[in-house]
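Undergrad: Please see the structure below; I have some questions.
The values are calculated or read from the model by the stated rules, or taken from the named source; none is laboratory data. Note that the structure is predicted; figures quoted are calculated from it, not measured. Please note: Cβ atoms are built from the backbone with ideal geometry, for glycine as well, and neighbour counts cover all protein chains shown.
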Amino acid sequence: MNQILTLVAPVFGLIGLGWFVARTRLLPESTAVGVSDFVATLAIPALIFRTLSEGSVPEASPWSYWAAYFLGVAIVWLLAMALARRLFAASGTETVICGFSAAQSNTVQLGVPLIVMVFGEPGALPMFLLIAVHLPIIMLAAAIMFSRANGEGRGFGIVATLRALATNPIIIAIVLGGIVRVAHIPLPGLVVDIVGQLAVAAAPVTLVAMGMAVARYGLRGNLGPTTVMTVFKLVVHPFVTWILAFHVFAMPPVFAAVAVTFAALPTGINAYLVAIRYRSGEALASNAISLTTLVSVVTITFWLWFIGAAPV
């Protein structure tokens, strides 16, 4: 447990630093937006590209790994929607936001640096195998559910989502990194150096940017639904994934451990961006991001101890 705390403490320490500089206005809000844009556009894509282009191709099929994680996502998403409708009389679009916030993890801003620090090189492959499909699957599912909740046809929401995904720097980095690796394309030394420098900055800068974002979103009432979403995100989701990854589907132990760690992550900022896009549940999504991030200091430490994650 002490070893895990030693690894987790710097992660949340950097998040806390970002929150502090934003709340005390040591850095203006425009800086927070700029840092977030740098992370999303350059730093994280560079880390993803470098790791994928230099990594190894999986020997076994990842289907059982994906099934364990995304079946857990589906179960939690649907249960959270049902409870939001029954307990809080949430509207159709609000229930989608509740389900999205309870099931969608902060895989990039928190997941990437956390898994790199805890699992090291063995965790890189399962980490990026999940990131490669996580955003497209989650966002397409959200687009379909919102279209149904609004009584619209499916086409518009799906087409707009596909267009956004096609121009997303993270998706582009995944595709390019995979091509370079599979085709064994040699990269010029200058490109390797530039990408490497950006990749080194990715983890600490991303964590500080996440803290600044949490300070910007904050809590905005609706604590009842927020508490339910927090319990589903940080307790139910990793528990269901643990059952599926360790006791139902067959996969390497490090894959199972990474799947549970991803499930144990707090709600990602995409929940708020989706709420803004569909003009529904903005306060619910903001609350989920802030509260799950705060509580995850304890719950992530617990889940890493529970699955026996050991420092590398």
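Undergrad: Taking the conditions exactly as written (at pLDDT below 80 and either part of a helix (DSSP H, G or I) or within 28 Å of Ala166 (Cβ to Cβ) (or both)), does Phe128 satisfy them or not?
TA: yes
Undergrad: Residues to consider are Phe239, Phe262; find the one that is in a helix (DSSP H, G or I), in contact with a His (Cβ under 9 Å, 6 or more places away or on another chain) and under 22 Å from Gly99 (Cα atoms).
TA: Phe262
Undergrad: Here's something else I'd like to know. Take the residues in region 1-34 that are of a type in the set (Val, Ile, Thr) and at pLDDT 80 or above; name whichever of them is surrounded by the most Cβ atoms within 10 Å (Cβ to Cβ). Break it down into steps so the answer makes sense when it comes.
TA: Step one: filter region 1-34 for residues of a type in the set (Val, Ile, Thr), giving 4, 6, 8, 11, 15, 21, 24, 31, 33.
Okay, now just the ones that are also at pLDDT 80 or above, so 15, 21, 24.
Values: Ile15: 28, Val21: 18, Thr24: 9.
Within region 1-34, the match that is surrounded by the most Cβ atoms within 10 Å (Cβ to Cβ) is Ile15.
Undergrad: If the Cβ limit is 7 Å and pairs must be 6+ apart or interchain, which residue in region 15-36 that is of a type in the set (S, T, N, Q) pairs with which residue that is modelled with pLDDT under 85?
TA: If the second residue must be modelled with pLDDT under 85, the pairs left are Ser36/Ala209; Ser36/Ala213.
Undergrad: Would you mind telling me which numbered condition in (1) closer than 30 Å to Asp193 by Cα; (2) among the hydroxyl-bearing types (Ser, Thr, Tyr); (3) crowded, with 24+ Cβ neighbours inside 10 Å Ser53 fails?
TA: Going through the list (1) closer than 30 Å to Asp193 by Cα; (2) among the hydroxyl-bearing types (Ser, Thr, Tyr); (3) crowded, with 24+ Cβ neighbours inside 10 Å, Ser53 breaks only (3).
Undergrad: Now a separate question. Of the residues Ala60, Ala103, Ala89, which is modelled with pLDDT of 80 or more and among the small types (Gly, Ala, Ser)?
TA: Details: Ala60 fails: modelled with pLDDT of 80 or more; Ala89 fails: modelled with pLDDT of 80 or more.
Every option except Ala103 fails the conditions.
Undergrad: Something else now. Take region 166-189 and flag every residue that is assigned to a helix (DSSP H, G or I), surrounded by fewer than 16 Cβ atoms within 10 Å (Cβ to Cβ) and of a type in the set (A, V, I, L, M).
TA: Scanning region 166-189 gives Ala166, Ile172, Val175, Ile179, Val182, Ala183.
Undergrad: Are any residues in region 271-298 of a type in the set (Val, Ile, Thr) and within 19 Å of Thr261 (Cβ to Cβ), and if so, which ones?
TA: Our first condition is that a residue be of a type in the set (Val, Ile, Thr); within region 271-298, this holds for 274, 276, 289, 292-293, 295, 297-298.
Passing the criteria: Ile289, Thr292, Thr293, Val295, Val297, Val298.
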